[in-house]
Amino acid sequence: MHAVIETGLTKPDAPHSWAMASNGTLYSVHVPIRPDGSIERGDATRQTEVTLADLQVTLKAAGADLRDVTLVQIYLTSLAHKPAVDEVYRHFFSQDPLPLRACIAVSELPTPETVIEVVATATLP
């Protein structure tokens, strides 16, 4: 059974949900959207902070937290952003076991002026 997780985050313009639970697993996607619904267009550090904060909001809405995350896929418009992303990521994910992670460079992302998109999978308690 699948259930959309109501995160309280601004609904995307695209035809998808931010998060869905299925068979004890949470699947979610995040871009740097501020609480007011606007896109964070700052540098990679600021965009990563906003994106991972949105992930935390989603996890909380699903009854989970960062320790429940098992896989993170990070899409970046340039690997030059990776050091800034890694620095912020370490503040959010600092406890062992760390989730599996992939960092993928792409030519562009669907949300204009963003440099990061995160797909996360978590086990629901």
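A short reminder: the numbers here are calculations on the coordinates, not readings from a lab. Small disclaimer: the values here were computed from a predicted structure and weren't measured. Glycine gets a Cβ as well: all are built from the backbone with ideal geometry, and neighbour counts include every protein chain shown.
A few points about this structure:
- Only listed residue being surrounded by fewer than 16 Cβ atoms within 10 Å (Cβ to Cβ) and within 13 Å of the chain's Cα centre (by Cα), chosen from THR51, THR70: THR70
- Screening ARG46 on (1) touching a residue at least 24 places away in the same chain (Cβ under 8 Å); (2) among the charged types (D, E, K, R); (3) closer than 17 Å to ILE116 by Cβ shows it passes everything except condition (1).
- Selection within the stretch 80-110 - free of Cβ contacts under 8 Å to residues at least 12 places away in the same chain, surrounded by 11 or more Cβ atoms within 10 Å (Cβ to Cβ) and under 16 Å from the mean Cα position of the chain (by Cα): ASP86, LEU98
- When the stretch 12-48 is filtered for residues that are of a type in the set (Phe, Trp, Tyr) and either in contact with a Pro (Cβ under 8 Å, 6 or more places away or on another chain) or more than 22 Å from VAL85 (Cα to Cα) (or both), only TRP18 remains.
- Condition check for ALA44: loosely packed, with under 15 Cβ neighbours inside 10 Å and among the aliphatic types (A, V, I, L, M): no
- Take the conditions (1) under 23 Å from VAL4 (Cβ atoms); (2) not in a loop (DSSP other than H, G, I, E, B); ARG46 misses just one of them, which is (1).
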